[in-house]
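The values are calculated or read from the model by the stated rules, or taken from the named source; none is laboratory data. All values reported here derive from a predicted model rather than from experimental measurement. Positions of Cβ are backbone-derived with ideal geometry, glycine not excepted, and every protein chain shown enters the neighbour counts.
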Amino acid sequence: MDKDYRLILFDCFNTLFLSHAPALPRVTIDGKAVTSTAGLLSAALAPHHGPLEPALVHAALRETWRWAAGQRGEFLREISAPVRMRQLFRVLGLTPPDEALVQDLVWVHMDALLGSFILPPEHVDLLRTLRQRYRMAIFSNFDYAPGLMRLLHRHEIDGWFDPIIVSDAIGFRKPGAAAFARAIAMASVAREQILFVGDSLEDDVQGAHAARLDVAWISHGQAAPPALQQPPTYALESLPALARVLASP
């Protein structure tokens, strides 16, 4: 590897942390089990607004996700979880909530979501090895920065990364140019000294290419589509394979 990387910049979800779907909460809608935090949110709302059917809350959640996607615009502005939670009240036709209730509901949703992500031991081993040779940082799309920080702290790795760049905090999402420009500026090293590592062909690979960053794509066994205009600098089946790339001459 004829590169002089100084900073390894990691995506967070489905790159460092992997989703464990069975741990996600479920509700039954029309006789089918559906992954959703609607049941938990219904229970949390009940003392304030009376009983609400989880199916109704689930439909409203889906509507708020569509609304948030439409609000991002061409610059891919991030719509934070508290903003989306206030929109949930509008969709449900409920009295606007106070800030304390918004925060409570965001954490109900976040704790359930983040509890479904695992940090494999082999990922920890890789990070422990890499941090002896490289600076490490995180650059993630996530609509609630305190939630991501809680996840890192829970696994006692929050001090391993500097900076920790979250779309909620910088206001823009990958693969947008604005998000990558902020990340590169916060990294405080030349872009040719950054290796970005992520799992999404659109958000991570194409976004990094547009920002003129080298990128290692974690494929999780997927093949890149033949029509992919710009292939990743490195294609890896799993995150631990990154060690071989960085160790190669």
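Checking L127 against (1) surrounded by 17 or more Cβ atoms within 10 Å (Cβ to Cβ); (2) outside any loop (DSSP other than H, G, I, E, B); (3) under 17 Å from the mean Cα position of the chain (by Cα), only one condition comes out false. Which one?
(3)
Between a residue in the stretch 158-179 that is under 23 Å from Y134 (Cβ atoms) and any residue that is of a type in the set (S, T, N, Q) and surrounded by fewer than 17 Cβ atoms within 10 Å (Cβ to Cβ), which pairs come within a Cβ distance under 9 Å, given they are 6 or more apart or on different chains?
P163/S188
Scan F13, F17, F75 and give me the residue that is among the aromatic types (F, W, Y) and at pLDDT below 95.
Within the list F13, F17, F75, the selection yields F75.
Here is a check on your reading of the model: is E63 among the acidic types (D, E), within 23 Å of V205 (Cβ to Cβ) and in contact (Cβ under 8 Å) with a residue 12 or more places away in the chain? It would help to see each step written out before you state the result.
Values: among the acidic types (D, E): yes; within 23 Å of V205 (Cβ to Cβ): no; in contact (Cβ under 8 Å) with a residue 12 or more places away in the chain: yes.
When the stated conditions are applied, E63 does not pass them.
Being surrounded by fewer than 18 Cβ atoms within 10 Å (Cβ to Cβ), more than 18 Å from the chain's Cα centre (by Cα) and assigned to a loop (DSSP other than H, G, I, E, B) is the filter here, so list the residues in the stretch 184-223 that pass it.
Correct list: S188, V189, A190, R212, G221, Q222, A223.
Take R84 and tell me if it is closer than 20 Å to P96 by Cβ, basic (K, R) and surrounded by 14 or more Cβ atoms within 10 Å (Cβ to Cβ).
So R84 passes the test.
Output the residue which, of all residues in the stretch 34-49 that are without any contact (Cβ under 8 Å) to a residue 40 or more places away in the chain and within 20 Å of F117 (Cβ to Cβ), is surrounded by the fewest Cβ atoms within 10 Å (Cβ to Cβ).
Once the filter is applied, the top-ranked residue is T35.
Could you pull out the residue among V106, V91 that is in a helix (DSSP H, G or I), touching an Asp or Glu at 6+ places or on another chain (Cβ under 8 Å), touching a residue at least 24 places away in the same chain (Cβ under 8 Å) and not charged (D, E, K, R)?
Being in a helix (DSSP H, G or I), touching an Asp or Glu at 6+ places or on another chain (Cβ under 8 Å), touching a residue at least 24 places away in the same chain (Cβ under 8 Å) and not charged (D, E, K, R) holds for just one of V106, V91, which is V91.
Return the residues of the stretch 7-24 that are surrounded by 20 or more Cβ atoms within 10 Å (Cβ to Cβ) and assigned to a loop (DSSP other than H, G, I, E, B); say none if nothing qualifies.
Scanning the stretch 7-24 gives D11, C12, T15, L16.
Against the conditions (1) at pLDDT 95 or above; (2) closer than 30 Å to E122 by Cα; (3) not in a strand (DSSP E or B), where does R84 fall short? Just the number, please.
Result: R84 passes all but (2).
Restricting to the stretch 2-24, what's the tally of residues that are touching a strand residue (DSSP E or B) at 6+ places or on another chain (Cβ under 9 Å) and farther than 19 Å from Y144 by Cα?
9
Would a scan of the stretch 201-208 turn up a residue that is of a type outside the set (A, V, I, L, M, F, W, C) and either in contact with a Gly (Cβ under 6 Å, 6 or more places away or on another chain) or closer than 16 Å to R6 by Cα (or both)?
Scanning the stretch 201-208 turns up at least one residue that is of a type outside the set (A, V, I, L, M, F, W, C) and either in contact with a Gly (Cβ under 6 Å, 6 or more places away or on another chain) or closer than 16 Å to R6 by Cα (or both).
From the list D199, D203, D214, which residue is in contact (Cβ under 8 Å) with a residue 24 or more places away in the chain, among the charged types (D, E, K, R) and out of contact with any Ser or Thr (no Cβ under 9 Å at 6 or more places or on another chain)?
After ruling out the rest, the residue left standing is D203.
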